[in-house]
Amino acid sequence: SAVISQKPSRDICQRGTSLTIQCQVDSQVTMMFWYRQQPGQSLTLIATANQGSEATYESGFVIDKFPISRPNLTFSTLTVSNMSPEDSSIYLCSVGGQGGTTNEKLFFGSGTQLSVL
Amino acid sequence: SQQGEEDPQALSIQEGENATMNCSYKTSINNLQWYRQNSGRGLVHLILIRSNEREKHSGRLRVTLDTSKKSSSLLITASRAADTASYFCATGAGGYNKLIFGAGTRLAVHP
């Protein structure tokens, strides 16, 4: 299993500003995933973050808007840049089972509830 | 969209009743997983069923998978108020491939 600490748990931000979300795992993992969950919706994968390489972004998400860092095997950050009200969502980090090497049995952080005014 | 569809979108039952949620998907899969989310927070993994399995049990949970119909169901027996949450299915193609989450079912269990 993996225990994931994600912070902040919630924030209210002004339009045009940026917010960095941190995700700390209690063990070394190969891949970390960042998801967005818009109000009342399901989860959409933003990107997959591997240590030592650039993150892989899904269609509709770009690095300029959602820059990701992965400085080591236990930590990652997601920045939501130049925010607009449409960015109001829950952002979740997760890791896969078996040291983050598979997509089975994902472990999730508690999420960051972001509201943009 | 390759996301799975779940039905019903919302389900309201009394404690002690059974709750059944269904999930359909579009692509070939290696596994199908069910997750639970309380009040918009982090998801918790409940159960995984592989493409070569037809049924799996875990405590009060029973999952079935029909790959010919590309569908799965999650049954929660003898429901409790504490089962109130959103339930999501997610399909994976194995390895590093991303999970695709369904739309979710909001379950409300009334005392």
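The values are calculated or read from the model by the stated rules, or taken from the named source; none is laboratory data. Given the structure is predicted, the values throughout are model-derived calculations rather than measurements. Quick reminder, even Gly has a Cβ in these numbers, built from the backbone with ideal geometry, and neighbours come from all protein chains shown. Just so you know, the surface numbers come from the protein's heavy atoms only, side chains and all, with ligands and any DNA or RNA stripped out. Shrake-Rupley method; radii C 1.70, N 1.55, O 1.52, S 1.80 Å.
If we keep just the residues of the range B:74-110 that are modelled with pLDDT of 95 or more and farther than 21 Å from B:Gly40 by Cβ, which is farthest from the chain's Cα centre (by Cα)?
Only one residue fits best here, namely B:Ala78.
Exactly one condition in (1) among the hydroxyl-bearing types (Ser, Thr, Tyr); (2) farther than 19 Å from B:Gly104 by Cβ; (3) surrounded by 17 or more Cβ atoms within 10 Å (Cβ to Cβ) is not met by A:Thr17; state its number.
The single condition A:Thr17 does not satisfy is (3).
Residue check: is B:Gly104 at positive phi, surrounded by 14 or more Cβ atoms within 10 Å (Cβ to Cβ) and not acidic (Asp, Glu)?
Yes.
Any residue at all in the range A:26-45 that is open to solvent by 10 Å² or more (accessible area, probe 1.4 Å), part of a loop (DSSP other than H, G, I, E, B), more than 8 Å from chain B (Cβ to nearest Cβ) and hydrophobic (A, V, I, L, M, F, W, C)?
Within the range A:26-45, none of the residues are open to solvent by 10 Å² or more (accessible area, probe 1.4 Å), part of a loop (DSSP other than H, G, I, E, B), more than 8 Å from chain B (Cβ to nearest Cβ) and hydrophobic (A, V, I, L, M, F, W, C).
Please pick out the residue among B:Ser73, B:Ser86 that is assigned to a strand (DSSP E or B) and within 14 Å of another protein chain (Cβ to nearest Cβ).
The conditions single out B:Ser86.
Looking only at residues that are touching a Lys or Arg at 6+ places or on another chain (Cβ under 8 Å) and open to solvent by less than 20 Å² (accessible area, probe 1.4 Å) in the range A:93-117, which one is farthest from the other protein chains (Cβ to nearest Cβ)?
The selected residue is A:Val116.
Determine whether A:Leu78 is open to solvent by less than 60 Å² (accessible area, probe 1.4 Å), on the phi < 0 side of the Ramachandran plot and away from chain B (no Cβ under 14 Å).
Yes, satisfied.
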